[in-house]
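**Student:** Before I ask anything, here is the structure I am working with.
What follows draws every value from the coordinates through simple rules; no lab data is involved. Quantities reported herein were computed from a predicted structural model and do not represent experimental measurements. Cβ sites come from the backbone with ideal geometry, for glycine too, and all protein chains shown count toward neighbours.
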Amino acid sequence: MKTLLSVTAACLFCCFAIPANAHEDHSKPVITKKSEHEGKKGNYMFIDGIKVHESDPAKQPQPPVVEPGAVLGAAPSDAIVLFDGTEATLTNWVGKGSEPTKWKLVDGSLESVKGGGYLRSKREFGSCQLHVEFATPSTVKGNGQGRGNSGVFLMGQYEVQVLDSFENVTYPDGQAGALYGRSKPLVNVSRGPGEWQSYDIIFHRPQFDEDGKVSKRATFTVLHNGVLVQDHTRLSGGTGWAGPHAVGEYKKHADKGPLTMQDHGNPVRYRNIWIREIAD
Ligand code: MG
């Protein structure tokens, strides 16, 4: 009888202990919001107890700086080549609406033009493996978020930050390799201004239920210059700027979206962009 009771109790415990979708843990990260913080009014969001865009290293330590390796990746035979430095592959891209992009073809790369708007792929993608190379301007201007800022947006909205983070301190969740406002990189493996760098990104799209609520969060694995900076990071929401210390929430969208590159007013260059669609 005692054994039977124990088994029954164990089964009941299991029923309550295992969530319906064991792959998702909706309790993490813990997100809290305040309308006032340290005597100042505003929109403050805290992820696992750390303020979004916290810049105090005592509260949000900077990622360690490490030296990157030397090899950049060529497209494998099954990749969709979105840009290989030619005029022909420039036709894979558009600007605002469906107008031709205002970005410039310079020395086999695509250069962001201030006021030129985002660069957007005509083809749309969901879950994918993406390789992209970028170079922040060799002439250093500005600091923090104003230095070599651009971004690689999966599905047109989830940003892997591009920034000149070589000896350029900013809030960790907004430096190169960050999922903007959501997750700082594990290390800062940035090369210097004007040097070519790479991102290799494994992205699984978010999924939504019929009520528009996220049922499976997006995940990102990111290698920056071949070094792991996001390790299967579950994205806790959107990455769009929603104030100095807040980013947007998930909003239901289609299963596919364009790849976009940000015009943030700095002449950041891109080259060798290829993508492979993967299962959700
Ligand atoms: Mg950016």
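**Student:** Taking a threshold of 20 Å on the Cα-Cα distance, which of the pairs LYS114/LYS141; LYS40/LYS184; LYS114/LYS252 fall above it?
**Tutor:** Where the Cα-Cα span goes over 20 Å, the pairs concerned are LYS40/LYS184; LYS114/LYS252.
**Student:** Cα centroid distance between region 101-127 and region 144-181, in Å?
**Tutor:** Going from one Cα centre to the other spans 17 Å.
**Student:** Output ³J(HN,Hα) for region 193-203: one whole-Hz value per residue in order, computed from phi by the Karplus curve 6.51 cos²θ - 1.76 cosθ + 1.60 with θ = phi - 60°, and x for Gly and Pro.
**Tutor:** Calculated HN-Hα couplings, in order: x, x, 7, 6, 9, 9, 10, 10, 10, 10, 10 Hz.
**Student:** Just need the relative contact order of the chain here, percent rounded to a whole number, with Cα pairs under 8 Å and 6+ apart.
**Tutor:** Across the chain, relative contact order equals 26 percent.
**Student:** For region 94-173, which trypsin sites (Lys or Arg not before Pro) are both in a DSSP coil and crowded by at most 14 other Cβ atoms within 10 Å?
**Tutor:** In loop regions of region 94-173 (DSSP not H, G, I, E or B), the sparsely surrounded trypsin sites (Lys or Arg not before Pro) are LYS96, LYS114, LYS141.
**Student:** Work out from phi, with θ = phi - 60° and the Karplus expression 6.51 cos²θ - 1.76 cosθ + 1.60, the ³J(HN,Hα) of each residue of region 129-145, listed in order in whole Hz, and give x for Gly and Pro.
**Tutor:** So the J values, rounded to whole Hz, are 10, 10, 10, 8, 10, 8, 9, 7, x, 6, 8, 7, 9, x, 8, x, 5.
**Student:** Can you run the Rg to Rh ratio on region 151-258? Use alpha carbon positions and the Kirkwood inverse-distance Rh. Intermediate results must be reported in sequence, preceding the final value.
**Tutor:** Working: Rg = 14.0 Å, Rh = 14.2 Å.
Rounded to two decimals, Rg over Rh is 0.98.
**Student:** On to the next question. Taking a 20 Å limit on the Cα-Cα distance, which of the listed pairs LYS28/LYS51; LYS34/LYS213; LYS216/LYS251; LYS122/LYS256; LYS102/LYS122 fall beyond it? Working shown, then result.
**Tutor:** Working: LYS28/LYS51 15 Å; LYS34/LYS213 23 Å; LYS216/LYS251 13 Å; LYS122/LYS256 12 Å; LYS102/LYS122 15 Å.
From the list (LYS28/LYS51; LYS34/LYS213; LYS216/LYS251; LYS122/LYS256; LYS102/LYS122), the Cα-Cα distance tops 20 Å for LYS34/LYS213.
**Student:** Determine, from the Cβ-Cβ distance of VAL30 and ARG276 and an R0 of 25 Å, the FRET efficiency 1/(1 + (r/R0)^6), rounded to the nearest 0.05.
**Tutor:** 0.15
**Student:** Another question, then. Just tell me the longest site-free run in the chain, where the sites are GluC sites (Glu not before Pro) in a DSSP loop having at most 15 other beta-carbon atoms within 10 Å. Could the numbers behind the result be given before it?
**Tutor:** Details: sites that count: GLU24, GLU38, GLU167, GLU195, GLU210, GLU249.
For GluC sites (Glu not before Pro) (loop position, at most 15 other Cβ atoms within 10 Å), the longest site-free span of the chain is 39-166.
**Student:** Separate question: Cα axis of helix 2-17 to longest principal axis of the chain: angle in degrees, 0 to 90, nearest 10?
**Tutor:** Roughly 30 degrees, rounded to the nearest 10.
**Student:** Add -39500 (n - 2.57) for each DSSP H run of 4 or more in the chain, then divide by its residues: what number comes out at 222 nm, to the nearest 500 deg cm²/dmol?
**Tutor:** -2000 deg cm²/dmol
**Student:** If you don't mind, there's one more thing I want to ask. What is the fewest-to-most order of MET45, MET155 by other Cβ atoms lying within 10 Å of their Cβ?
**Tutor:** Going from sparsest to densest Cβ surroundings: MET45, MET155.
**Student:** Which ³J(HN,Hα) values in Hz, rounded to whole numbers, follow from the phi angles of region 225-242 under the Karplus curve 6.51 cos²θ - 1.76 cosθ + 1.60, where θ = phi - 60° and Gly and Pro get x?
**Tutor:** Running phi through 6.51 cos²θ - 1.76 cosθ + 1.60 with θ = phi - 60° gives 6, x, 10, 5, 10, 10, 9, 6, 6, 7, 6, 7, x, x, 10, x, 4, 10 Hz.
**Student:** Please list, by residue number, every one of the trypsin sites (Lys or Arg not before Pro) in region 171-278 that is coil in DSSP and has at most 16 other beta-carbon atoms within 10 Å.
**Tutor:** Filter output for region 171-278: LYS213, LYS251, LYS252, LYS256.
**Student:** Please work out, to two decimal places, the log10 of the ratio I(q)/I(0) at q = 0.19 Å⁻¹ from a Debye calculation in which every Cα of region 76-277 carries one identical scatterer.
**Tutor:** Summing over Cα pairs of region 76-277 leads to -1.48.
**Student:** Something else: Quick one: which residues, 5+ away or cross-chain, put their amide H under 5 Å from the amide H of SER215? H built at 1.01 Å from N.
**Tutor:** GLN207, PHE208, ASP209
**Student:** If you don't mind, there's one more thing I want to ask. With N denoting the number of residues in region 161-206, provide Rg(C-alpha) divided by 2.2 N^0.38 Å, to two decimal places.
**Tutor:** Here the Cα radius of gyration is 1.17 times the empirical estimate.
**Student:** Something else: Report the percentage of all Cα-Cα pairs in region 29-70 whose separation exceeds 18 Å, rounded to a whole percent.
**Tutor:** Cα-Cα pairs of region 29-70 separated by over 18 Å account for 41 percent.
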